[in-house]
Amino acid sequence: MADALDSLNGLIVPLGGQPLLLPNVAVAELVGYRLSQPAVKGPDWFLGWSTWRDQKVPLIDPERLLGQPSGQPGDAAPRTLVLNALGGRKGLNFIGLRIWGIPRSRKVLRGEIEPAGEGAEYVSQPVRLADEATVMLIPDLLSIEQALADAGLLD
């Protein structure tokens, strides 16, 4: 049982600037990009609504949200990374992130991860992994959910 405490299965999600590092349990599914209802109000990072498994899911551009450059490669098709919502808000079970690359799986061991700066808006912690050149961001999913609520986008 010690293995569960010493390692975590994660996903490295490529973005235009710094990639995200998410635990596998935060991710529900990676699907093709579907924007069912484009945004008519809200912040610029809110793209609109997607329908996934018969549920209305808010779709976010994580690069705009985090103030990063766009990671859109010339001819790459966008995808939606569906995340499990954590805040227990009525009507918000999932959040979609529009991404341009394929996340890669990574087992993160306790001794190979270290803080790489202070958290910021929508970022719990920047981290560095022992064998990765780029600092990664662990997103603050609860603050993203709160931002959706504050923007009046949740029912």
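General observations
- If the condition is being within 19 Å of residue 40 (Cα to Cα) and touching a Leu at 6+ places or on another chain (Cβ under 6 Å), then region 131-155 contributes 148, 154.
- Complete set of residues in region 24-59 that are crowded, with 16+ Cβ neighbours inside 10 Å and among the hydrophobic types (A, V, I, L, M, F, W, C): 26, 27, 28, 35, 39, 45, 46, 47, 49, 52, 57, 59
This table checks each residue for (1) closer than 24 Å to residue 33 by Cβ; (2) buried (at least 19 other Cβ atoms within 10 Å of the Cβ); (3) touching a residue at least 60 places away in the same chain (Cβ under 8 Å).
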position: 87; (1), (2), (3): no, no, no
position: 93; (1), (2), (3): yes, no, no
position: 97; (1), (2), (3): yes, yes, yes
position: 100; (1), (2), (3): yes, no, yes
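- Residue list for region 18-49, restricted to those being outside any loop (DSSP other than H, G, I, E, B) and touching a Pro at 6+ places or on another chain (Cβ under 8 Å): 20, 22, 27, 30, 46, 47, 48, 49
- Residue tally, condition outside any helix (DSSP H, G or I) and surrounded by 12 or more Cβ atoms within 10 Å (Cβ to Cβ), over region 137-155: 7
- Of all residues in region 102-123 being within 18 Å of the chain's Cα centre (by Cα) and among the β-branched types (Val, Ile, Thr), the one that is surrounded by the fewest Cβ atoms within 10 Å (Cβ to Cβ): 102
- Any hit, region 85-101, residues being part of a loop (DSSP other than H, G, I, E, B), more than 12 Å from the chain's Cα centre (by Cα) and at positive phi: yes
- Unique match (being modelled with pLDDT under 95, among the aliphatic types (A, V, I, L, M), under 19 Å from residue 14 (Cβ atoms) and not in a loop (DSSP other than H, G, I, E, B)) among 127, 108: 108
- Condition met for residue 134 (assigned to a loop (DSSP other than H, G, I, E, B) and either β-branched (Val, Ile, Thr) or touching an Asp or Glu at 6+ places or on another chain (Cβ under 8 Å) (or both)): yes
The values are calculated or read from the model by the stated rules, or taken from the named source; none is laboratory data. Nothing here was measured: the structure is a model prediction, and the numbers come from that model. Ideal geometry is used to build each Cβ from the backbone, glycine not excepted, and the neighbour counts take in all protein chains shown.
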